[in-house]
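Quick notes on the structure that follows.
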Amino acid sequence: MFAALIRRFVRDAENTGSPTVRTAYGQFCGIVGILLNCFLSAAKIAVGWLTGIISILSDGVNNLSDAASSFITLLGFRLAGKKPDREHPYGHGRIEYFAGMGVSCVILLVAFRLFRESLEKILSGTSSSPGTGLLAYVTFGVLGLSILVKLWMALFCRYAGKKISSAAIEATAMDSLFDCISTAVVLLCALLSFVIPDFPVDGCAGIVVSLFIAYTAVKSLKEIADPLLGTAPDPELVHSVSSYVLGFDPRVCGIHDLSFHDYGPGRKILILHVEVPAEGDIMELHDMIDNIERGLAENFFCTATIHMDPVITESPRLTELREFCRRIVKSIDPSFDLHDFRMNEGPTHANLIFDVMLPRESRLTPAQVSAEVADRIHAADPHLSAVVNAEFSLV
(Lines give C-alpha, C1' and ligand atoms only; values in the text may rest on other atoms or scores of the structure.)
Protein backbone atom coordinates (compact mmCIF):
# COMPACT_ATOMS: atom_id res chain seq x y z
CA MET A 1 0.00 0.00 0.00
CA PHE A 2 2.73 2.48 1.01
CA ALA A 3 4.85 1.60 -2.03
CA ALA A 4 1.93 2.19 -4.38
CA LEU A 5 1.11 5.53 -2.72
CA ILE A 6 4.71 6.75 -2.96
CA ARG A 7 5.07 5.64 -6.58
CA ARG A 8 2.02 7.73 -7.42
CA PHE A 9 3.53 10.94 -6.07
CA VAL A 10 7.33 10.37 -6.24
CA ARG A 11 8.91 9.95 -9.65
CA ASP A 12 11.49 7.16 -9.97
CA ALA A 13 10.70 6.15 -6.36
CA GLU A 14 12.91 3.06 -6.37
CA ASN A 15 16.07 5.05 -7.08
CA THR A 16 16.42 5.96 -3.40
CA GLY A 17 20.14 6.68 -3.62
CA SER A 18 19.49 9.73 -5.81
CA PRO A 19 19.46 13.05 -3.87
CA THR A 20 16.57 14.25 -6.07
CA VAL A 21 14.44 11.22 -5.20
CA ARG A 22 15.31 11.60 -1.50
CA THR A 23 14.17 15.20 -1.61
CA ALA A 24 10.89 14.13 -3.23
CA TYR A 25 10.33 11.52 -0.51
CA GLY A 26 10.96 14.08 2.23
CA GLN A 27 8.68 16.68 0.69
CA PHE A 28 5.87 14.18 0.20
CA CYS A 29 6.13 12.95 3.80
CA GLY A 30 6.17 16.55 5.00
CA ILE A 31 3.01 17.45 3.09
CA VAL A 32 1.19 14.34 4.36
CA GLY A 33 2.23 15.16 7.93
CA ILE A 34 1.08 18.79 7.69
CA LEU A 35 -2.36 17.91 6.32
CA LEU A 36 -3.15 15.06 8.73
CA ASN A 37 -1.76 16.78 11.83
CA CYS A 38 -3.66 20.01 11.12
CA PHE A 39 -6.88 18.01 10.81
CA LEU A 40 -6.30 16.12 14.08
CA SER A 41 -5.16 19.28 15.89
CA ALA A 42 -8.30 21.23 14.92
CA ALA A 43 -10.57 18.37 15.99
CA LYS A 44 -8.86 17.83 19.38
CA ILE A 45 -8.52 21.50 20.26
CA ALA A 46 -12.23 21.99 19.53
CA VAL A 47 -13.19 18.98 21.68
CA GLY A 48 -10.78 19.95 24.45
CA TRP A 49 -12.14 23.49 24.54
CA LEU A 50 -15.76 22.29 24.65
CA THR A 51 -15.17 19.67 27.37
CA GLY A 52 -12.48 21.49 29.35
CA ILE A 53 -10.28 18.36 29.36
CA ILE A 54 -6.69 19.60 29.41
CA SER A 55 -5.19 16.29 28.25
CA ILE A 56 -7.26 16.39 25.03
CA LEU A 57 -6.48 20.06 24.50
CA SER A 58 -2.78 19.40 25.07
CA ASP A 59 -2.88 16.42 22.74
CA GLY A 60 -4.33 18.74 20.10
CA VAL A 61 -1.53 21.25 20.70
CA ASN A 62 0.92 18.36 20.35
CA ASN A 63 -0.59 17.56 16.92
CA LEU A 64 -0.22 21.23 15.99
CA SER A 65 3.46 21.03 16.93
CA ASP A 66 3.68 17.87 14.80
CA ALA A 67 2.32 19.87 11.87
CA ALA A 68 5.01 22.48 12.52
CA SER A 69 7.59 19.69 12.71
CA SER A 70 6.39 18.32 9.37
CA PHE A 71 6.81 21.80 7.91
CA ILE A 72 10.37 21.91 9.27
CA THR A 73 11.04 18.50 7.72
CA LEU A 74 9.59 19.68 4.40
CA LEU A 75 11.72 22.83 4.48
CA GLY A 76 14.79 20.84 5.53
CA PHE A 77 14.52 18.44 2.60
CA ARG A 78 13.97 21.29 0.16
CA LEU A 79 17.06 23.13 1.42
CA ALA A 80 19.09 19.90 1.58
CA GLY A 81 18.34 19.35 -2.10
CA LYS A 82 20.10 22.58 -3.11
CA LYS A 83 23.10 22.13 -5.36
CA PRO A 84 26.64 22.79 -4.07
CA ASP A 85 27.80 26.39 -4.29
CA ARG A 86 30.99 28.34 -3.64
CA GLU A 87 30.37 28.56 0.13
CA HIS A 88 29.20 24.94 0.45
CA PRO A 89 31.17 22.85 -2.07
CA TYR A 90 29.90 19.60 -0.55
CA GLY A 91 26.24 20.56 -0.84
CA HIS A 92 23.59 21.22 1.80
CA GLY A 93 22.70 17.65 2.75
CA ARG A 94 23.39 18.10 6.48
CA ILE A 95 20.48 20.54 6.70
CA GLU A 96 18.27 17.44 6.87
CA TYR A 97 19.92 16.51 10.17
CA PHE A 98 19.33 19.99 11.57
CA ALA A 99 15.70 19.78 10.43
CA GLY A 100 15.34 16.56 12.40
CA MET A 101 16.89 18.25 15.46
CA GLY A 102 14.42 21.11 15.07
CA VAL A 103 11.55 18.62 15.06
CA SER A 104 12.84 16.99 18.24
CA CYS A 105 13.34 20.33 20.03
CA VAL A 106 9.76 21.40 19.24
CA ILE A 107 8.50 18.06 20.59
CA LEU A 108 10.55 18.50 23.79
CA LEU A 109 9.15 21.99 24.40
CA VAL A 110 5.60 20.69 23.98
CA ALA A 111 6.32 17.90 26.48
CA PHE A 112 7.59 20.40 29.07
CA ARG A 113 4.57 22.66 28.70
CA LEU A 114 2.14 19.75 28.90
CA PHE A 115 3.88 18.38 32.01
CA ARG A 116 3.68 21.75 33.76
CA GLU A 117 -0.01 22.29 32.99
CA SER A 118 -0.90 18.74 34.00
CA LEU A 119 0.98 19.07 37.29
CA GLU A 120 -0.87 22.30 38.06
CA LYS A 121 -4.17 20.55 37.47
CA ILE A 122 -3.23 17.68 39.81
CA LEU A 123 -2.15 20.10 42.55
CA SER A 124 -5.38 22.06 42.23
CA GLY A 125 -7.37 18.82 42.52
CA THR A 126 -9.61 19.66 39.55
CA SER A 127 -10.90 17.05 37.11
CA SER A 128 -12.78 17.17 33.82
CA SER A 129 -15.12 14.79 32.02
CA PRO A 130 -16.43 14.56 28.46
CA GLY A 131 -19.93 14.61 29.91
CA THR A 132 -22.78 12.70 28.38
CA GLY A 133 -24.72 12.70 25.14
CA LEU A 134 -23.48 13.76 21.72
CA LEU A 135 -20.37 15.54 23.01
CA ALA A 136 -19.13 12.36 24.69
CA TYR A 137 -19.59 10.36 21.49
CA VAL A 138 -17.77 13.04 19.50
CA THR A 139 -14.92 13.08 22.05
CA PHE A 140 -14.39 9.32 21.95
CA GLY A 141 -14.79 9.29 18.17
CA VAL A 142 -12.13 11.97 17.67
CA LEU A 143 -9.69 10.19 20.00
CA GLY A 144 -10.28 6.80 18.36
CA LEU A 145 -9.84 8.26 14.87
CA SER A 146 -6.67 10.03 15.99
CA ILE A 147 -5.14 6.74 17.15
CA LEU A 148 -5.85 5.10 13.79
CA VAL A 149 -4.54 8.06 11.77
CA LYS A 150 -1.37 8.34 13.86
CA LEU A 151 -0.74 4.61 13.60
CA TRP A 152 -1.02 4.87 9.82
CA MET A 153 1.37 7.84 9.83
CA ALA A 154 3.88 5.95 12.02
CA LEU A 155 3.91 2.96 9.67
CA PHE A 156 4.05 5.17 6.57
CA CYS A 157 6.92 7.33 7.85
CA ARG A 158 8.83 4.29 9.08
CA TYR A 159 8.52 2.73 5.63
CA ALA A 160 9.63 5.93 3.88
CA GLY A 161 12.39 6.65 6.41
CA LYS A 162 13.93 3.20 6.08
CA LYS A 163 13.55 3.35 2.30
CA ILE A 164 15.82 6.40 2.06
CA SER A 165 17.68 5.99 5.39
CA SER A 166 16.41 9.33 6.70
CA ALA A 167 16.89 10.10 10.40
CA ALA A 168 14.44 13.02 10.16
CA ILE A 169 11.59 10.93 8.75
CA GLU A 170 12.27 8.03 11.12
CA ALA A 171 12.13 10.53 14.00
CA THR A 172 8.70 11.59 12.73
CA ALA A 173 7.63 7.93 12.61
CA MET A 174 8.69 7.41 16.22
CA ASP A 175 6.86 10.58 17.25
CA SER A 176 3.67 9.36 15.54
CA LEU A 177 3.92 6.01 17.30
CA PHE A 178 4.20 7.64 20.70
CA ASP A 179 1.31 9.92 19.75
CA CYS A 180 -0.78 6.75 19.36
CA ILE A 181 0.17 5.69 22.86
CA SER A 182 -0.37 9.10 24.40
CA THR A 183 -3.79 9.50 22.76
CA ALA A 184 -4.72 6.00 23.94
CA VAL A 185 -3.84 7.08 27.49
CA VAL A 186 -6.00 10.19 27.09
CA LEU A 187 -8.87 8.04 25.81
CA LEU A 188 -8.52 5.60 28.73
CA CYS A 189 -8.47 8.42 31.27
CA ALA A 190 -11.53 10.01 29.68
CA LEU A 191 -13.35 6.71 30.23
CA LEU A 192 -12.04 6.48 33.83
CA SER A 193 -13.40 9.97 34.56
CA PHE A 194 -16.88 8.40 34.59
CA VAL A 195 -15.80 5.84 37.21
CA ILE A 196 -13.78 8.14 39.54
CA PRO A 197 -15.09 11.64 38.82
CA ASP A 198 -13.45 13.26 41.89
CA PHE A 199 -9.93 12.08 41.04
CA PRO A 200 -7.73 14.29 38.76
CA VAL A 201 -7.50 11.59 36.09
CA ASP A 202 -7.12 14.25 33.42
CA GLY A 203 -3.97 15.71 35.00
CA CYS A 204 -2.46 12.25 35.52
CA ALA A 205 -3.07 11.44 31.88
CA GLY A 206 -1.33 14.66 30.90
CA ILE A 207 1.73 13.71 32.99
CA VAL A 208 1.97 10.30 31.29
CA VAL A 209 1.53 11.81 27.83
CA SER A 210 4.20 14.46 28.48
CA LEU A 211 6.72 11.82 29.62
CA PHE A 212 6.07 9.77 26.47
CA ILE A 213 6.59 12.84 24.31
CA ALA A 214 9.80 13.85 26.14
CA TYR A 215 11.25 10.35 25.75
CA THR A 216 10.54 10.49 22.01
CA ALA A 217 12.25 13.86 21.67
CA VAL A 218 15.40 12.89 23.60
CA LYS A 219 15.76 9.59 21.72
CA SER A 220 15.37 11.33 18.36
CA LEU A 221 17.90 14.02 19.29
CA LYS A 222 20.50 11.36 20.06
CA GLU A 223 19.88 9.46 16.83
CA ILE A 224 20.14 12.64 14.75
CA ALA A 225 23.19 14.00 16.59
CA ASP A 226 25.20 10.83 15.90
CA PRO A 227 25.80 11.45 12.15
CA LEU A 228 26.65 15.09 12.87
CA LEU A 229 29.30 13.99 15.37
CA GLY A 230 30.56 11.35 12.96
CA THR A 231 29.71 7.67 13.19
CA ALA A 232 31.19 4.56 11.67
CA PRO A 233 29.59 3.64 8.32
CA ASP A 234 27.17 0.75 8.00
CA PRO A 235 29.22 -2.50 8.02
CA GLU A 236 27.08 -3.79 5.16
CA LEU A 237 28.04 -0.75 3.08
CA VAL A 238 31.73 -1.26 3.88
CA HIS A 239 31.47 -4.92 2.86
CA SER A 240 29.67 -4.03 -0.38
CA VAL A 241 32.24 -1.39 -1.33
CA SER A 242 35.14 -3.72 -0.49
CA SER A 243 33.65 -6.57 -2.52
CA TYR A 244 33.01 -4.26 -5.46
CA VAL A 245 36.59 -2.92 -5.55
CA LEU A 246 38.29 -6.29 -4.96
CA GLY A 247 36.20 -7.92 -7.67
CA PHE A 248 36.55 -5.10 -10.19
CA ASP A 249 39.80 -6.29 -11.79
CA PRO A 250 42.31 -9.11 -11.12
CA ARG A 251 45.04 -6.48 -10.85
CA VAL A 252 43.52 -5.19 -7.59
CA CYS A 253 45.74 -6.88 -4.97
CA GLY A 254 44.01 -5.47 -1.90
CA ILE A 255 42.45 -2.42 -0.24
CA HIS A 256 43.00 -0.63 3.07
CA ASP A 257 42.50 2.69 4.89
CA LEU A 258 38.89 2.90 3.73
CA SER A 259 36.94 5.83 5.20
CA PHE A 260 33.63 7.63 4.67
CA HIS A 261 32.89 11.30 5.19
CA ASP A 262 29.20 12.11 5.54
CA TYR A 263 27.95 15.46 4.24
CA GLY A 264 24.30 14.46 4.41
CA PRO A 265 22.23 11.56 3.06
CA GLY A 266 23.23 10.77 -0.50
CA ARG A 267 26.32 12.98 -0.21
CA LYS A 268 29.16 10.80 1.00
CA ILE A 269 32.86 11.02 0.20
CA LEU A 270 34.71 7.72 0.08
CA ILE A 271 38.50 7.54 0.42
CA LEU A 272 40.49 4.32 0.18
CA HIS A 273 43.87 2.90 -0.80
CA VAL A 274 44.01 0.26 -3.53
CA GLU A 275 47.06 -1.98 -3.90
CA VAL A 276 48.18 -2.66 -7.48
CA PRO A 277 51.15 -4.54 -8.97
CA ALA A 278 54.26 -2.36 -8.93
CA GLU A 279 55.39 -4.07 -12.13
CA GLY A 280 52.28 -3.06 -14.07
CA ASP A 281 51.92 -0.29 -16.65
CA ILE A 282 51.28 2.92 -14.70
CA MET A 283 48.93 4.39 -17.33
CA GLU A 284 46.82 1.25 -17.53
CA LEU A 285 46.62 1.02 -13.75
CA HIS A 286 45.66 4.69 -13.52
CA ASP A 287 42.89 4.11 -16.05
CA MET A 288 41.64 1.17 -13.97
CA ILE A 289 41.56 3.32 -10.81
CA ASP A 290 39.57 5.99 -12.66
CA ASN A 291 37.05 3.36 -13.73
CA ILE A 292 36.73 2.09 -10.15
CA GLU A 293 36.08 5.62 -8.92
CA ARG A 294 33.34 6.13 -11.53
CA GLY A 295 31.82 2.75 -10.70
CA LEU A 296 31.71 3.57 -6.99
CA ALA A 297 30.02 6.90 -7.73
CA GLU A 298 27.37 5.24 -9.90
CA ASN A 299 26.68 2.27 -7.64
CA PHE A 300 26.98 3.81 -4.18
CA PHE A 301 26.07 7.47 -4.86
CA CYS A 302 29.29 8.82 -3.39
CA THR A 303 32.35 10.74 -4.49
CA ALA A 304 35.28 8.32 -4.45
CA THR A 305 38.96 9.20 -4.17
CA ILE A 306 41.49 6.35 -4.46
CA HIS A 307 45.16 6.38 -3.52
CA MET A 308 47.08 3.86 -5.61
CA ASP A 309 49.63 1.80 -3.65
CA PRO A 310 52.22 -0.21 -5.63
CA VAL A 311 52.89 -3.73 -4.36
CA ILE A 312 55.78 -5.88 -5.60
CA THR A 313 54.20 -9.16 -6.70
CA GLU A 314 57.00 -10.73 -8.73
CA SER A 315 59.56 -11.14 -5.93
CA PRO A 316 59.23 -14.60 -4.31
CA ARG A 317 61.30 -13.52 -1.30
CA LEU A 318 59.21 -10.40 -0.66
CA THR A 319 55.99 -12.37 -1.07
CA GLU A 320 57.24 -15.02 1.34
CA LEU A 321 58.25 -12.44 3.97
CA ARG A 322 54.97 -10.56 3.62
CA GLU A 323 52.98 -13.74 4.28
CA PHE A 324 55.34 -14.63 7.14
CA CYS A 325 54.64 -11.26 8.78
CA ARG A 326 50.91 -11.56 8.10
CA ARG A 327 50.83 -14.91 9.94
CA ILE A 328 52.55 -13.35 12.94
CA VAL A 329 50.13 -10.40 12.94
CA LYS A 330 47.16 -12.77 12.71
CA SER A 331 48.53 -14.90 15.55
CA ILE A 332 48.13 -11.93 17.88
CA ASP A 333 44.56 -11.29 16.77
CA PRO A 334 42.83 -12.76 13.67
CA SER A 335 41.09 -9.43 13.06
CA PHE A 336 44.44 -7.64 12.54
CA ASP A 337 45.88 -7.22 9.05
CA LEU A 338 48.87 -5.58 7.42
CA HIS A 339 49.43 -3.42 4.34
CA ASP A 340 52.03 -1.17 2.67
CA PHE A 341 54.67 -3.87 3.06
CA ARG A 342 58.20 -3.09 1.84
CA MET A 343 61.75 -4.18 2.64
CA ASN A 344 65.25 -2.73 2.83
CA GLU A 345 67.76 -5.61 2.87
CA GLY A 346 71.48 -5.40 3.50
CA PRO A 347 74.27 -7.96 3.95
CA THR A 348 73.65 -8.43 7.70
CA HIS A 349 69.95 -7.82 8.23
CA ALA A 350 66.69 -6.83 6.57
CA ASN A 351 64.31 -4.06 7.67
CA LEU A 352 60.67 -4.97 7.13
CA ILE A 353 58.45 -1.88 7.06
CA PHE A 354 54.64 -2.16 7.13
CA ASP A 355 51.42 -0.94 8.71
CA VAL A 356 49.07 -2.99 10.89
CA MET A 357 45.35 -2.17 10.97
CA LEU A 358 43.46 -2.72 14.24
CA PRO A 359 39.69 -2.79 14.74
CA ARG A 360 38.32 -0.07 17.02
CA GLU A 361 37.27 -2.61 19.65
CA SER A 362 40.81 -4.00 20.03
CA ARG A 363 41.90 -4.50 23.64
CA LEU A 364 45.50 -3.67 22.65
CA THR A 365 46.84 -0.19 21.92
CA PRO A 366 48.71 0.56 18.66
CA ALA A 367 51.97 0.91 20.62
CA GLN A 368 51.50 -2.50 22.23
CA VAL A 369 50.77 -4.13 18.88
CA SER A 370 53.78 -2.51 17.19
CA ALA A 371 56.13 -3.73 19.93
CA GLU A 372 54.61 -7.23 20.06
CA VAL A 373 54.79 -7.75 16.29
CA ALA A 374 58.39 -6.51 16.09
CA ASP A 375 59.44 -8.76 19.01
CA ARG A 376 57.82 -11.87 17.53
CA ILE A 377 59.38 -11.32 14.09
CA HIS A 378 62.86 -10.80 15.55
CA ALA A 379 62.45 -13.85 17.83
CA ALA A 380 61.45 -15.98 14.85
CA ASP A 381 64.37 -14.74 12.72
CA PRO A 382 67.09 -12.53 14.30
CA HIS A 383 68.12 -11.48 10.77
CA LEU A 384 64.83 -9.57 10.44
CA SER A 385 64.07 -6.21 12.03
CA ALA A 386 60.50 -4.87 11.79
CA VAL A 387 59.41 -1.23 11.70
CA VAL A 388 55.70 -1.44 12.44
CA ASN A 389 53.15 1.36 12.31
CA ALA A 390 49.96 0.14 14.01
CA GLU A 391 46.78 2.21 13.76
CA PHE A 392 43.07 1.87 14.35
CA SER A 393 40.79 1.34 11.39
CA LEU A 394 38.48 4.21 10.50
CA VAL A 395 35.57 1.84 9.81
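Residues considered: M283, M288. Of these, the only one that is in contact with a Lys or Arg (Cβ under 8 Å, 6 or more places away or on another chain) and in a helix (DSSP H, G or I) is M288.
Only one of G254, G264 is within 30 Å of T20 (Cβ to Cβ), modelled with pLDDT under 90 and in contact with a His (Cβ under 9 Å, 6 or more places away or on another chain). Can you tell me which?
Sole residue among the options that is within 30 Å of T20 (Cβ to Cβ), modelled with pLDDT under 90 and in contact with a His (Cβ under 9 Å, 6 or more places away or on another chain): G264.
Inside the range 263-299, can you point out the residues that are surrounded by 15 or more Cβ atoms within 10 Å (Cβ to Cβ), touching a residue at least 60 places away in the same chain (Cβ under 8 Å) and either among the aliphatic types (A, V, I, L, M) or under 24 Å from A167 (Cα atoms) (or both)? Y263, G264, P265, G266, R267 - these are the residues of the range 263-299 that are surrounded by 15 or more Cβ atoms within 10 Å (Cβ to Cβ), touching a residue at least 60 places away in the same chain (Cβ under 8 Å) and either among the aliphatic types (A, V, I, L, M) or under 24 Å from A167 (Cα atoms) (or both). One residue alone among A374, A379 is assigned to a helix (DSSP H, G or I) and loosely packed, with under 14 Cβ neighbours inside 10 Å, and that residue is A379. So, in the range 353-371, of the ones that are in a strand (DSSP E or B) and of a type outside the set (V, I, T), which residue ends up farthest from the chain's Cα centre (by Cα)? Per the stated criteria, the residue is F354.
Filtered by the rule that a residue be open to solvent by 40 Å² or more (accessible area, probe 1.4 Å) and either closer than 16 Å to I377 by Cβ or touching a helix residue (DSSP H, G or I) at 6+ places or on another chain (Cβ under 8 Å) (or both), the range 300-318 gives F300, F301, T303, T305, M308, I312, T313, R317. Within the set V329, V388, the sole residue that is closer than 28 Å to I271 by Cα, assigned to a helix (DSSP H, G or I) and at pLDDT 90 or above turns out to be V329. Among the residues of the range 17-46, those identified as at pLDDT 85 or above and among the aliphatic types (A, V, I, L, M) are I31, V32, I34, L35, L36, L40, A42, A43, I45, A46. In the range 302-340, the residue that is nearest to L237 (Cα to Cα) out of those that are hydrophobic (A, V, I, L, M, F, W, C) and within 31 Å of the chain's Cα centre (by Cα) is C302. With respect to S242, is the statement that it is of a type in the set (G, A, S), within 30 Å of R94 (Cα to Cα) and at pLDDT 80 or above true? The answer is yes for S242. The numbered conditions (1) over 28 Å from D262 (Cα atoms); (2) at pLDDT 85 or above are all true for I122 except (2). Of F156, F71, F98, F112, all but one fail to be at pLDDT 75 or above and over 30 Å from R267 (Cβ atoms); the exception is F112. If only residues of the range 125-153 that are among the β-branched types (V, I, T) and modelled with pLDDT of 80 or more are counted, the one that is nearest to L192 (Cα to Cα) is T139. Select from the range 224-236 the residues that are buried (at least 16 other Cβ atoms within 10 Å of the Cβ) and in a helix (DSSP H, G or I) and list them in ascending order. Of everything in the range 224-236, those that are buried (at least 16 other Cβ atoms within 10 Å of the Cβ) and in a helix (DSSP H, G or I) turn out to be I224, P227. For the range 150-204, filtering for residues that are open to solvent by less than 60 Å² (accessible area, probe 1.4 Å), farther than 30 Å from P227 by Cα and outside any helix (DSSP H, G or I) leaves 1.
Within the range 341-355, is even one residue charged (D, E, K, R), under 26 Å from P233 (Cα atoms) and at pLDDT below 85? Scanning the range 341-355 turns up no residue that is charged (D, E, K, R), under 26 Å from P233 (Cα atoms) and at pLDDT below 85. Scanning the range 247-283 for residues that are in contact with a Cys (Cβ under 9 Å, 6 or more places away or on another chain) and farther than 30 Å from K82 by Cβ yields a total of 4.
The values are calculated or read from the model by the stated rules, or taken from the named source; none is laboratory data. The model shown is predicted, which means the values in this text are computed figures rather than measured ones. Here the Cβ is made from the backbone with ideal geometry for all residues, glycine too, and neighbour counts use every protein chain on show. The accessibility values were calculated without ligands, DNA or RNA, using every heavy atom of the protein model including side chains. Shrake-Rupley method; radii C 1.70, N 1.55, O 1.52, S 1.80 Å.
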